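Just so it is clear, none of the values below were taken in a lab; they were calculated from the coordinates. Source: prediction; values computed, not measured. All Cβ positions, even for glycine, are placed from backbone atoms using ideal geometry, and neighbour counts span all protein chains on display.
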Amino acid sequence: MFSICPAASDRTPLLGATEPGSVSWFPHSARALKKARYRLLPAVLAGMSVLLSMVPASARAQQRAGGMNDRSLQDAPLPNSNPQNWAQQSLPAEGSASVAGTVLDVSGATVSGADVRLMQGDGTQLHTMVSEANGEFSFAKIPAGSYLVTVYAKGFRPFSSAEFALTVKEAYEIPDVSLSVAMANMEVTVRPTELIADEQIRAEEKQRLVGFFPNFYTSYIYDAAPLSAKQKFSLATRGTFDPVAMFGVGLAAGIEQATNAYPGYGQGAAGYSKRLAAKFVDGRSSDFLTHAVFPVLLHQDPRYYYQGSGSVKSRFAHAVASAFLSRSDSGRTVFNSSYLLGDMCSGALSNLYYPKANRGAHLVFTNTAVGLAGRVGTNLMREFLSKRLTTNVAGDRSQ
């Protein structure tokens, strides 16, 4: 802006000046400007020194501030400028496996609204959800690894599953998610129904009329536990192969031999052997079909339930009706189709080994009618005589 050297116009006249007063005025003006420049020079230098002294101070302030920022940034993690990478770091990893199950209580009923949590093996919580109305829960898109499931529900004790390992694309189902009732200052021991029924069966197998004849299928416990399929076959085997039952087979074959029933079998040792084999097969097939096979298929209880109280008329009606009605495994009264079908099928099998003259449909219906009549008579004896004559009675009727 300012020059300290004299310009060329200070030493020479302006080129092309034609006015008369321009030559006489120019030297005077040049000298005045020159003096003014010399007077302004100290002020200009002073201003420039002030400006130069201010610049290093601000630069040093910025440098100190920058140094502090550099040290703080060295301690802080560098931001990730890639939005996609940031999203991947903030969200949990996804996989292809799944975990499912059903929350139940000790009675087998479903529990809805339970807080279900999927935990990693190290205890880190991964996902949480609430069980649905049917008690079911499901976690999808789970990475392979080691996990466990915890369940919390109001009024129940917390549940924790065993730790399990998931592989890629595995659909794992949590077994036995059963919640027990939380009781304050009280401990409740729940025994499996099958265990209770097993104890009752062992007691029933000791029941004998006059201490000799088996009375295994009479239950003096009115609310006895239902039998499992295995227990029905076990009780049928125990009863049909009892030594007293085998003695009865031999006695019945001897009576048929003496009366020459089914003459096609003949007489003598050969005839008795055929009658003995026929009575043995008749009894075993009938026992297994009526007491085990059809009761298992139709979920019916093959036992007679002793009433023991009320009027003679009501007890008589109960005994007769029990030949046609039965108790289901769930406790309902149903038609006793197990005995009817068992007797008919046993009669049909008899056509395979009875003499040809005695085979046919009449053999089937005769065996069925005999079996039904025998059941009515046996039930009347059970209701009015058996308890007084039976040793080792397992229980009594509970109202």
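Leu195 to Arg388: extension gain in nm, 0.36 nm per residue of separation minus the Cα-Cα distance?
Net length gain for the segment: 66.7 nm.
Compute the label zone of Glu94 within segment 121-143: residues whose backbone N is under 13 Å from the point 7 Å along Cα-to-Cβ.
140-143
Restricting attention to segment 136-224, which GluC sites (Glu not before Pro) occupy a DSSP loop and are surrounded by at most 11 other Cβ atoms within 10 Å?
Filter output for segment 136-224: Glu187.
Once the Cβ-Cβ distance between Val168 and Glu136 is put in as r, and R0 is 25 Å, what FRET efficiency do you end up with, to the nearest 0.05?
Working from the Cβ atoms, E equals 0.60.
Using 0.36 nm per residue, how much length does the chain from Asn351 to Ser330 gain when fully extended, once their Cα-Cα distance is taken away?
Length gained between Asn351 and Ser330: 4.0 nm.
What is the packing order of peptides 221-232, 256-267, taking the mean over residues of other C-beta atoms within 10 Å and listing the highest first?
Sorting 221-232, 256-267 by mean packing, highest first, produces 221-232, 256-267.
Select from Asn351, Pro295, Asn379 the residue farthest towards the positive end of the dipole of segment 279-384; place +1 on Cβ of Lys and Arg, -1 on Cβ of Asp and Glu, and compute about the Cα centre.
Asn379
With a Förster radius of 35 Å, plug the Cβ-Cβ distance of Ala361 and Ser314 into 1/(1 + (r/R0)^6) and report the FRET value to the nearest 0.05. Intermediate values should be presented prior to the final figure.
Values: r = 37 Å, r/R0 = 1.07.
FRET efficiency, Ala361 to Ser314: 0.40.
Counting Lys +1, Arg +1, Asp -1, Glu -1, what net charge surrounds Asn260 among other residues with beta carbon under 14 Å of its beta carbon?
Every neighbour counted, the sum reads +1.
Under 17 Å between alpha carbons, and skipping anything fewer than 8 positions from Lys279 in its own chain: which lysines qualify?
Filter leaves Lys356.
Along the charge dipole of segment 93-179, Cβ charges K/R +1 and D/E -1, which of Ser178, Ala162, Thr150 sits furthest on the positive end?
Projecting each Cα onto the dipole axis, the largest value belongs to Thr150.
Which value, in debye to the nearest 20, describes the size of the charge dipole of segment 112-244 about its Cα centre when Lys and Arg Cβ atoms bear +1, Asp and Glu Cβ atoms bear -1, and nothing else is charged?
200 debye
What are the lysines whose alpha-carbon lies under 17 Å from the alpha-carbon of Lys232, with same-chain residues fewer than 8 places away excluded?
Lys206
Using the basic label-point model (7 angstrom from Cα toward the beta carbon), what is the Ala270 to Tyr222 distance in nanometres?
Once both label points are built, they end up 5.8 nm from each other.
For q values of 0.27 Å⁻¹, compute log₁₀ I(q)/I(0) with the Debye formula on a Cα-only model of segment 339-399, without solvent.
-1.04
Under 19 Å from the Cα of Lys313, which lysines turn up, not counting those fewer than eight places away in the same chain?
Output for Lys313: Lys387.
Taking the Cα centre of segment 193-391 as origin, work out the dipole magnitude from +1 charges on Lys and Arg Cβ and -1 charges on Asp and Glu Cβ, in debye rounded to 20.
It works out to roughly 380 debye.
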